[in-house]
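The values are calculated or read from the model by the stated rules, or taken from the named source; none is laboratory data. Just so we're clear, the structure is a prediction, and the values are computed from it rather than from any experiment. Quick reminder, even Gly has a Cβ in these numbers, built from the backbone with ideal geometry, and neighbours come from all protein chains shown.
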Protein chains: 2
Amino acid sequence: MILINGKADDRINVADRGLQYGDGLFETIAYRNGLAEFIDAHLDRMIAGCQRLAIPFQQLEVLRSELNTVCQQLDDNDAVIKIIVTRGSGGRGYLANNDIEPTRIISTHPLPQHPESNKTAGICVRFCQHNLSENSVLAGIKHLNRLDQVLARNEWHQSNIAEGLMSDTHGNMIEGTMSNIFIVKSGQIKTPELTKSGVAGIMRAQIIRLASENGLTVEQGLISKKNILEADEVFVCNSIIGIWPVNSIDGTNTVFQIGNVTQGLQHALAESSK
Amino acid sequence: MILINGKADDRINVADRGLQYGDGLFETIAYRNGLAEFIDAHLDRMIAGCQRLAIPFQQLEVLRSELNTVCQQLDDNDAVIKIIVTRGSGGRGYLANNDIEPTRIISTHPLPQHPESNKTAGICVRFCQHNLSENSVLAGIKHLNRLDQVLARNEWHQSNIAEGLMSDTHGNMIEGTMSNIFIVKSGQIKTPELTKSGVAGIMRAQIIRLASENGLTVEQGLISKKNILEADEVFVCNSIIGIWPVNSIDGTNTVFQIGNVTQGLQHALAESSK
């Protein structure tokens, strides 16, 4: 099912600034057991993104109502719900008209079928060659300018590699193409700071919260490739996959154990979803 | 008139990767006196962009034929022709399917009505606060990830300011929101190098060529805000506006003369279009 500004449709005007300039934002939400998981956190981030991009989005309650309509249609079937909000159609080149209405697109998709072993035995990842662009104004939010991720994700086609890790142009590791990264070293959990690039994932925030509730702190800072290679535990996360431990890095001899911290956070996450 | 994959239409599927990720390219072409200006240069850049993004675009001759159809419809009326090519619809997240067909969109628009004085008396510009993201893989090509330009262009609404100049995060001046920049100092023409950000404009290339044909060299290198403020002449250019001299910079006392080099290049450009 796809709703565009509340109407069942699957096409938008080519003049929409989402297509013309990537002038918008998106959210990808897991729907399981009749629940749109972390929906408030997703909508909060979307609103924060609109504010950052100065998109005058006033239709939050309308959007919530449309989400309810979509969820009712899904019933108890697991799915991915994707929300796109663009600045709308109109304007003279890059300058938007003051009076344009943002476009709301809600679409549903099957939950991707990943092997259960990704969670239990972990995954193999690679280091991507394509670097993330840096811009503090765009960092953290989930905007529609995603060529960096497209180029990085299309670097490999081996099915045994589940994710690619990306760095900025200074060599700081920032995130996976579709996930955030955490490492554990000598009991300390660390995740890259996202002040200049990267998406501040909803699952990342949940993990920081869950860690705190379990008496653990997560340090946000600079993480190098060497820090990853020398970590005791590494895992990636997003709203759809939850937590996937990393067990190896393609092209290196590095092997990681699936350690207590990762397993503890997986357990805490599973408990919090009940 | 809008042609989408050769058919008259004005809407595309929301699954198109152009909307989902900004996964595509565009060209903006001036159509005057029955001629799509510098069309070969535009199509060459588009093809180079497809190669950079690994978009398997094989429909160049089809696109040329569609452009002819659109131009016949325009007859002798001046217009802007915009071409968008996206990677197409489909794929699992950022990973594109191997077999998807790129989407071709050709649309026509009225030529923007700028005052003739922009060419003769020059324009007032401003320095934008929003910086360009840096990524050498994306530099130079005219891809659809244009949030930097959108944010910069929406910083001001004063109609007396015709363009905003943008720098990278290191303070190097790179381009205007919709144009390239040239400065002249002691007879030497200089334009920012575009190795880490910016769009390598078709008009920029024409100006470098015209300068060369007139015995002048254009140095491509780093240009600071100070270099601009201390220049003898400054002008901006793009395919639609041609060359606009800069006569002042908002918020500063800086005033530029419209010098011999700028006027000479304007003259050479006008002659080359005859």
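One table, with the values for the structure above:
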{"quantity": "Filtered residue count, region B:150-178, keeping only those that are touching a helix residue (DSSP H, G or I) at 6+ places or on another chain (Cβ under 8 Å) and of a type in the set (Ser, Thr, Tyr)", "calculated": "2"}
{"quantity": "Output for region B:178-225, where each listed residue is among the hydroxyl-bearing types (Ser, Thr, Tyr) and out of contact with any Leu (no Cβ under 8 Å at 6 or more places or on another chain)", "calculated": "B:179, B:186, B:191, B:195, B:212, B:217, B:224"}
{"quantity": "All strands (runs of 3 or more DSSP E) inside region B:111-192 with 3 or more residues being β-branched (Val, Ile, Thr)", "calculated": "B:180-185"}
{"quantity": "Test: residue in region B:243-257 that is within 28 Å of residue B:29 (Cβ to Cβ), touching a residue at least 12 places away in the same chain (Cβ under 8 Å) and within 16 Å of the chain's Cα centre (by Cα)", "calculated": "yes"}
{"quantity": "Residue that is farthest from the other protein chains (Cβ to nearest Cβ), among those in region B:1-14 that are part of a loop (DSSP other than H, G, I, E, B) and within 17 Å of residue B:66 (Cα to Cα)", "calculated": "B:6"}
{"quantity": "Residues of region A:1-58 classified as modelled with pLDDT under 95 and within 20 Å of residue B:19 (Cα to Cα), total", "calculated": "1"}
{"quantity": "Test: residue in region A:116-125 that is touching a residue at least 12 places away in the same chain (Cβ under 8 Å) and within 14 Å of chain B (Cβ to nearest Cβ)", "calculated": "no"}
{"quantity": "Single residue of B:176, B:198 found to be touching a residue at least 24 places away in the same chain (Cβ under 8 Å) and either on the phi > 0 side of the Ramachandran plot or among the hydroxyl-bearing types (Ser, Thr, Tyr) (or both)", "calculated": "B:198"}
{"quantity": "Of all residues in region B:15-61 being of a type in the set (A, V, I, L, M), in contact with a Gly (Cβ under 9 Å, 6 or more places away or on another chain) and more than 21 Å from residue B:238 (Cβ to Cβ), the one that is nearest to the other protein chains (Cβ to nearest Cβ)", "calculated": "B:19"}
{"quantity": "Hits in region A:132-191 (condition: farther than 30 Å from residue A:88 by Cα and polar (S, T, N, Q))", "calculated": "A:158, A:159, A:160, A:167, A:169, A:172, A:186, A:188, A:191"}
{"quantity": "Matching residues, region B:127-180, being facing chain A (nearest Cβ under 7 Å), over 19 Å from residue B:236 (Cβ atoms) and more than 17 Å from the chain's Cα centre (by Cα)", "calculated": "B:134, B:135, B:137, B:169"}
{"quantity": "Residue among A:82, A:142 that is assigned by TED's automatic domain parsing to the domain that holds residue A:264 and in contact (Cβ under 8 Å) with a residue 40 or more places away in the chain", "calculated": "A:142"}
{"quantity": "Condition check for residue B:48: surrounded by fewer than 16 Cβ atoms within 10 Å (Cβ to Cβ), assigned to a helix (DSSP H, G or I) and in contact (Cβ under 8 Å) with a residue 12 or more places away in the chain", "calculated": "yes"}
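Conditions tested, residue by residue: (1) surrounded by fewer than 22 Cβ atoms within 10 Å (Cβ to Cβ); (2) within 15 Å of the chain's Cα centre (by Cα).
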| position | (1), (2) |
| --- | --- |
| B:12 | no, no |
| B:16 | no, no |
| B:20 | no, no |
| B:29 | no, yes |
| B:35 | yes, no |
| B:43 | yes, yes |
